[in-house]
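Input: a single structure, listed below in structure tokens.
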């Protein structure tokens, strides 16, 4: 236990910075998820204290993740709007993650092509931006259109309704917060050390509180309605504080859709966590390696606890992890302490958090969404070639046009087609000793499946009479029976065409 505090001098200030980054993100992600704002803060506490203590990652910070916001939003809607039923799915997802850790699925993320993963994150970023537009405008979708992203982009009628109910006070808050966030990252922090010591989201929140106070005092001509502000219940006593915690409705265990949501949460949360682990380990100056199976178990434990006390699902998150590294975090104590600070803040100063306009959180999420879906990423994927760009853009369009799971399935389908295309086109290489020579050397690939039969037949049929052919299978690890049969038939029938055939590395059977 004493070793946990050996880096306290560096971990303490880093934990304070991570706390200031985490609070607006916890609130904003809960807002984007269509969940109680208190649930985002609970997830932040659990991600810091519980997951931080159980994890083997020295620098990773866990909490509610933007990448899960759309999944949570749709999952709650799928479960009939019951947040308590959703909490059951979170608990089940945690159990699945622990099981995944014990059976060694820590490498699961490696089975998804990076093009699809980047497409998934980009699609999520775009949906987060779309979802926050009503809050930035100070308006809400009309009845019947509460979820403007359930079917992808909002309808024309929904857009008209949003524009007709704009609140200029909220627009000003969102605009000022967004300009401040952009300027903070691009101009102020790079140039001045003072600005590097204060996170941009914290400055935006402080600005939002200032503007809302000026509205309330009449110093500015606009105003904000109660539903346009953060609304965390203020407890009058400890028992009241405990009473704010939502409990899962375990009667929902009899519903099939709860298990479907649990599987989706477990898979996506695990993939996002493992990708973040890889990125965080790369940033670690000491180049420590996080045990991925232990990380899955820690995340599973965190999700069980979070679901049991009314919190959102948890993953390791790159924004808070990178902030932890940037501001000098050395050990897991920093992540644990940031969770303690969140708990203290919601227990002692919820009134201050309730002074934050939702438009400010929308601006913070606009930046989060933009970082996930930068235009430069589209250019980068395009430069990588159509093999990378097609699965990427198919995933993005699929998510926007349908939903997250269907979009990922579409992207994976396109990625499989690309693999099959290469498999079909490249089962072998052909060399001629000299141009117009009648001597051919056919080098078979490491794997030649039945899907390559047509390509192999075409090549063999194109060999002219009286040619000499060497078919080299010595490098091949797997050659399908159908292809072996084609090669044997070719050698047998080559005599009639005066073709000499040698086959190396292929057994006669």
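The values are calculated or read from the model by the stated rules, or taken from the named source; none is laboratory data. Treat the numbers as computed from the prediction; the structure is a model and nothing was measured. A quick note on method: Cβ atoms are made from the backbone with ideal geometry, for glycine too, and the neighbour counts reach across all protein chains shown.
Annotations
- Strands (runs of 3 or more DSSP E) fully within the range 401-481 counting 2 or more residues that are surrounded by 12 or more Cβ atoms within 10 Å (Cβ to Cβ) and modelled with pLDDT of 85 or more: 439-444, 468-472
To keep it simple, each residue is scored yes or no on (1) within 28 Å of residue 292 (Cβ to Cβ); (2) modelled with pLDDT of 85 or more; (3) out of contact with any helix residue (DSSP H, G or I) (no Cβ under 7 Å at 6 or more places or on another chain).
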{"position": "316", "(1), (2), (3)": "yes, yes, no"}
{"position": "344", "(1), (2), (3)": "no, yes, yes"}
{"position": "360", "(1), (2), (3)": "no, yes, no"}
{"position": "390", "(1), (2), (3)": "no, yes, no"}
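- Counted residues, the range 16-31 - those being over 18 Å from the mean Cα position of the chain (by Cα) and at pLDDT below 85: 7
- Test: residue in the range 347-354 that is in a helix (DSSP H, G or I), free of Cβ contacts under 8 Å to residues at least 60 places away in the same chain and either surrounded by fewer than 22 Cβ atoms within 10 Å (Cβ to Cβ) or not assigned by TED's automatic domain parsing to the domain that holds residue 133 (or both): yes
- Boolean, residue 88 is at pLDDT 90 or above, surrounded by 24 or more Cβ atoms within 10 Å (Cβ to Cβ), farther than 27 Å from residue 196 by Cβ and more than 20 Å from the chain's Cα centre (by Cα): yes
- Qualifying residue in the range 42-55 (condition: over 18 Å from residue 337 (Cβ atoms) and touching a helix residue (DSSP H, G or I) at 6+ places or on another chain (Cβ under 7 Å)): no
- Selection from the range 100-129 of residues that are more than 17 Å from the chain's Cα centre (by Cα) and either within 22 Å of residue 28 (Cα to Cα) or without any contact (Cβ under 8 Å) to a residue 60 or more places away in the chain (or both): 103
- Criterion (surrounded by 18 or more Cβ atoms within 10 Å (Cβ to Cβ), at pLDDT below 90, in the same structural domain as residue 172 (by TED's automatic domain parsing) and farther than 16 Å from residue 349 by Cβ) met by exactly one of 246, 239: 246
- Filtered by the rule that a residue be in contact with a helix residue (DSSP H, G or I) (Cβ under 9 Å, 6 or more places away or on another chain), touching a residue at least 12 places away in the same chain (Cβ under 8 Å) and surrounded by fewer than 16 Cβ atoms within 10 Å (Cβ to Cβ), the range 487-507 gives 500, 502.
- Residue count, the range 130-140 (criterion: at pLDDT 80 or above and either surrounded by 21 or more Cβ atoms within 10 Å (Cβ to Cβ) or outside any helix (DSSP H, G or I) (or both)): 5
- Enumeration of residues in the range 333-346 that are within 24 Å of the chain's Cα centre (by Cα) and surrounded by fewer than 24 Cβ atoms within 10 Å (Cβ to Cβ): 336
- Residue check for residue 270: closer than 17 Å to residue 114 by Cβ, buried (at least 19 other Cβ atoms within 10 Å of the Cβ) and either assigned by TED's automatic domain parsing to the domain that holds residue 108 or modelled with pLDDT of 90 or more (or both): yes
- Unique match (being exposed (fewer than 14 other Cβ atoms within 10 Å of the Cβ) and under 28 Å from residue 70 (Cα atoms)) among 262, 226: 226
- With respect to (1) closer than 26 Å to residue 13 by Cβ; (2) buried (at least 21 other Cβ atoms within 10 Å of the Cβ); (3) within 16 Å of the chain's Cα centre (by Cα), the lone exception for residue 279 is condition (2).
- Here residue 23 fits the description: out of contact with any strand residue (DSSP E or B) (no Cβ under 7 Å at 6 or more places or on another chain) and in a helix (DSSP H, G or I).
- Scan of the range 216-240 for residues that are out of contact with any strand residue (DSSP E or B) (no Cβ under 9 Å at 6 or more places or on another chain) and either in contact (Cβ under 8 Å) with a residue 12 or more places away in the chain or on the phi > 0 side of the Ramachandran plot (or both), ordered by number: 218, 220, 222, 223, 225, 227, 231, 232, 233, 234, 235
- Here the condition is being touching a residue at least 12 places away in the same chain (Cβ under 8 Å) and assigned to a loop (DSSP other than H, G, I, E, B); of 300, 310, it holds for 310 alone.
- Scope the range 32-41; condition more than 15 Å from residue 338 (Cα to Cα) and either surrounded by fewer than 24 Cβ atoms within 10 Å (Cβ to Cβ) or over 19 Å from the mean Cα position of the chain (by Cα) (or both); matching residues: 34, 36, 37, 38, 39
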